[in-house]
Amino acid sequence: MTTHSADFADIPGTVLFDAQQSRKGYGLNQFCMSLMKPANRERFKADEAAYLAEWPMSDEQRQAVRDRDMNRCLALGGNVYFLVKIAATDGISVQQMVGRMTGMSEADYRDMMLRGGRPIEGNRYQHEWSQRSGA
């Protein structure tokens, strides 16, 4: 059975990182990986706009990075394993980053995960949300 990105479009919070997303986010993800070097982190922190301009990224990707909108970065081809380099550069833990991505505090996110994560009921498919709201 072959799967396609469209097969996952109705799953809430899911961005399939496939070949298409990889191509779209190549420059963004290369930028993120550059932050593994201390000198690059310092350059980025000193002048984000100038450092971002060195990478083959779209203006929308650059803005998402400047806004620290990791959900937008994912949609624009970012891979979460690379995006954590931005959070680390900012002194933010993965738990803090993901909590922010879900609209929760770090403590609320941690507690939810310790309880087993989000309940599956009502969260399997986005179309369930519209049925609940009567839309």
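The values are calculated or read from the model by the stated rules, or taken from the named source; none is laboratory data. Bear in mind that the values here come from a model prediction, so they are computed numbers and not experimental data. Glycine gets a Cβ as well: all are built from the backbone with ideal geometry, and neighbour counts include every protein chain shown.
Could you tell me whether the range 99-117 includes any residue that is modelled with pLDDT of 95 or more, surrounded by 14 or more Cβ atoms within 10 Å (Cβ to Cβ) and more than 22 Å from residue 8 (Cβ to Cβ)? No: zero hits. Examine the range 80-91 for a residue that is at pLDDT below 95 and among the aromatic types (Phe, Trp, Tyr), and state whether such a residue exists. Yes, the range 80-91 contains a residue that is at pLDDT below 95 and among the aromatic types (Phe, Trp, Tyr). Check the range 69-76 and report whether any residue there is closer than 19 Å to residue 104 by Cβ and assigned to a loop (DSSP other than H, G, I, E, B). For the range 69-76, residues closer than 19 Å to residue 104 by Cβ and assigned to a loop (DSSP other than H, G, I, E, B): present.
Does residue 75 qualify as being under 26 Å from residue 127 (Cβ atoms), out of contact with any Asp or Glu (no Cβ under 7 Å at 6 or more places or on another chain) and surrounded by 15 or more Cβ atoms within 10 Å (Cβ to Cβ)?
Details: under 26 Å from residue 127 (Cβ atoms): yes; out of contact with any Asp or Glu (no Cβ under 7 Å at 6 or more places or on another chain): yes; surrounded by 15 or more Cβ atoms within 10 Å (Cβ to Cβ): yes.
Yes, satisfied.
Hey, does the range 91-109 have a residue that's more than 30 Å from residue 128 (Cα to Cα), free of Cβ contacts under 8 Å to residues at least 60 places away in the same chain, hydrophobic (A, V, I, L, M, F, W, C) and in a helix (DSSP H, G or I)? No, the range 91-109 contains no residue that is more than 30 Å from residue 128 (Cα to Cα), free of Cβ contacts under 8 Å to residues at least 60 places away in the same chain, hydrophobic (A, V, I, L, M, F, W, C) and in a helix (DSSP H, G or I). Hey, any hits in the range 55-78 for a residue that's among the β-branched types (Val, Ile, Thr), closer than 28 Å to residue 117 by Cβ and without any contact (Cβ under 8 Å) to a residue 60 or more places away in the chain? Scanning the range 55-78 turns up at least one residue that is among the β-branched types (Val, Ile, Thr), closer than 28 Å to residue 117 by Cβ and without any contact (Cβ under 8 Å) to a residue 60 or more places away in the chain. The residues of the range 43-60 that are surrounded by 13 or more Cβ atoms within 10 Å (Cβ to Cβ) and either in contact with a Gly (Cβ under 7 Å, 6 or more places away or on another chain) or outside the structural domain of residue 26 (by TED's automatic domain parsing) (or both), listed by number, are 55, 57.
Within the range 15-33, is there a residue that is in contact with a Phe, Trp or Tyr (Cβ under 6 Å, 6 or more places away or on another chain), modelled with pLDDT of 95 or more, outside the structural domain of residue 128 (by TED's automatic domain parsing) and part of a loop (DSSP other than H, G, I, E, B)? No, the range 15-33 contains no residue that is in contact with a Phe, Trp or Tyr (Cβ under 6 Å, 6 or more places away or on another chain), modelled with pLDDT of 95 or more, outside the structural domain of residue 128 (by TED's automatic domain parsing) and part of a loop (DSSP other than H, G, I, E, B).
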